[in-house]
Amino acid sequence: MINIQLFDPASSTFTYIVGDDQTRRAVIIDPVMEQVDRDLAALAEAGLTLKYILDTHVHADHITGASELRRRTGAPTAASAAGAACADIKLDHGTTLTVGSLELTALATPGHTDDSMSYYVDGHLFTGDTLLIHGTGRSDFQNGDALALWASITEVLYAFPDETIVWPGHDYKGRSKSSIGDERRHNPRVAGKTREEFVEIMANLGLAPPKRIAECVVANRKCGQVDAAAERSAASPSSSPERAPTSPRVTNIDPMALKDLGSIRVIDVREPAEFHGDLGHIPDAQLVPLAGLPAASRGWDKAAPLVVVCRSGQRSMIAAKALSNGGFERVFNLVGGMLAYRAAPVRGIAS
Ligand SMILES: [Fe+2]
């Protein structure tokens, strides 16, 4: 088996190319959009043909290179059925993919996110953000669940023998791999801990949200099918002429994507009677009627992402463009407004 581990320093993400040395067919796991050229060069250098493009989950810290690799190689994308609906192949627990003489098995390992998968191939586990080296992924957004994470690690991953090699989705300390045995004995969040102690640890990590969560989750729900230049522009407005005041950047999101963004600021630009009316409002939304937005937004942090919502999505688009023109860097418009949100009440309704 061929296993090429590649590293994206901007997001500390590992990408893996796993190939069959006889047929020269390969899969890639967790490609990063900005590194697609590197990945294609690595495949060519190793004489490998890409057969499948896999993601372990909908990432919050980088945009997947899946769609770009699909466009350039013709290989299908594959991911959890619970994650990006755009994936060509929807994986469930136990789904197998054949790559030459290799058989890759998908394992549902939710907890970091609800769609998290690990992949097992011939004594090697690619654990995404479920199990890191002497650590775990966090569980505080995208339907993360510490109890589910505990079960995924202790019941699914620790069911493999000690010698199984663990290849994580990230490392921030220069390490590259671990083993099930090493993690079983030394992972400080899990080894010697009870399930309740693990949940307590996970509840008190005190981590800031990933800087690019808003852009990345929205893009990754579409398998990374975004205008890369526009995304970079939105992330770095001062460096791009496209951010001139007459060309605002507003990203449309749907209620499902809003759910993924966790504690993002939500601005409701309807009138007070609507805010407290039949459609209710999104919990923790801030009521700022459209007419009062210019004055109210004067002191807000322009680098922090925010979502604008109204009844149907029209007033919120006006507000979102105005905010973007005013220098707000990451502005999202809830498409369909509260009518759409009400039809898919993913974060509950307050009234
Ligand atoms: Fe992640």
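The values are calculated or read from the model by the stated rules, or taken from the named source; none is laboratory data. Keep in mind that what you see is a predicted model, and the values were worked out from it rather than measured. Every residue, glycine among them, receives a Cβ derived from its backbone with ideal geometry; neighbour counts consider all protein chains shown.
At a glance:
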quantity: Single condition ASN252 does not satisfy, out of (1) surrounded by fewer than 18 Cβ atoms within 10 Å (Cβ to Cβ); (2) modelled with pLDDT of 90 or more; (3) not in a helix (DSSP H, G or I); calculated: (2)
quantity: Residue ID - modelled with the highest pLDDT, chosen from residues in region 275-328 that are in a helix (DSSP H, G or I) and under 20 Å from ALA343 (Cβ atoms); calculated: PHE275
quantity: Criterion: away from the ligand (no atom under 16 Å from the Cβ), modelled with pLDDT of 95 or more, in the same structural domain as PHE198 (by TED's automatic domain parsing) and within 30 Å of TRP150 (Cβ to Cβ) - qualifying residue of LEU50, LEU91; calculated: LEU91
quantity: Matching option when the condition is at pLDDT 95 or above and over 19 Å from SER118 (Cβ atoms), among ASP20, ASP30, ASP55, ASP8; calculated: ASP20
quantity: Segments classed as strands (runs of 3 or more DSSP E), wholly inside region 4-75, with at least 2 members that are touching a residue at least 60 places away in the same chain (Cβ under 8 Å); calculated: 13-19, 25-29
quantity: The lone exception for GLY206 - which of (1) within 30 Å of ALA304 (Cα to Cα); (2) in contact (Cβ under 8 Å) with a residue 40 or more places away in the chain it fails; calculated: (2)
quantity: Search result, residues across region 45-92 that are in contact with a Pro (Cβ under 8 Å, 6 or more places away or on another chain), surrounded by fewer than 24 Cβ atoms within 10 Å (Cβ to Cβ) and either closer than 17 Å to THR130 by Cβ or aromatic (Phe, Trp, Tyr) (or both); calculated: TYR52, ASP61, ALA82
quantity: Condition check for SER118: touching a helix residue (DSSP H, G or I) at 6+ places or on another chain (Cβ under 7 Å) and more than 12 Å from the ligand (Cβ to nearest atom); calculated: yes
quantity: Region 183-194 - residue that is in contact (Cβ under 8 Å) with a residue 12 or more places away in the chain and assigned to a helix (DSSP H, G or I) and, of those, nearest to the ligand (Cβ to nearest atom); calculated: GLU183
quantity: In region 160-182, residue nearest to the ligand (Cβ to nearest atom) [restricted to those that are farther than 13 Å from HIS124 by Cα and either part of a strand (DSSP E or B) or of a type in the set (D, E, K, R) (or both)]; calculated: HIS170
quantity: Qualifying residues in region 142-159 (those that are within 15 Å of the ligand (Cβ to nearest atom) and of a type in the set (S, T, N, Q)) - the one farthest from VAL58 (Cα to Cα); calculated: SER152
quantity: Residues of region 122-141 that turn out to be surrounded by fewer than 24 Cβ atoms within 10 Å (Cβ to Cβ) and away from the ligand (no atom under 11 Å from the Cβ), as a count; calculated: 7
quantity: Sole exception among (1) at pLDDT 85 or above; (2) under 21 Å from the mean Cα position of the chain (by Cα); (3) under 23 Å from ILE28 (Cβ atoms) for ARG212, by number; calculated: (1)
quantity: Check on ASP21, surrounded by fewer than 18 Cβ atoms within 10 Å (Cβ to Cβ), among the acidic types (Asp, Glu) and either within 16 Å of the ligand (Cβ to nearest atom) or closer than 23 Å to THR130 by Cβ (or both); calculated: no
quantity: Conditions (1) touching an Asp or Glu at 6+ places or on another chain (Cβ under 9 Å); (2) surrounded by fewer than 17 Cβ atoms within 10 Å (Cβ to Cβ); (3) modelled with pLDDT under 90: number failed by PRO245; calculated: (1)
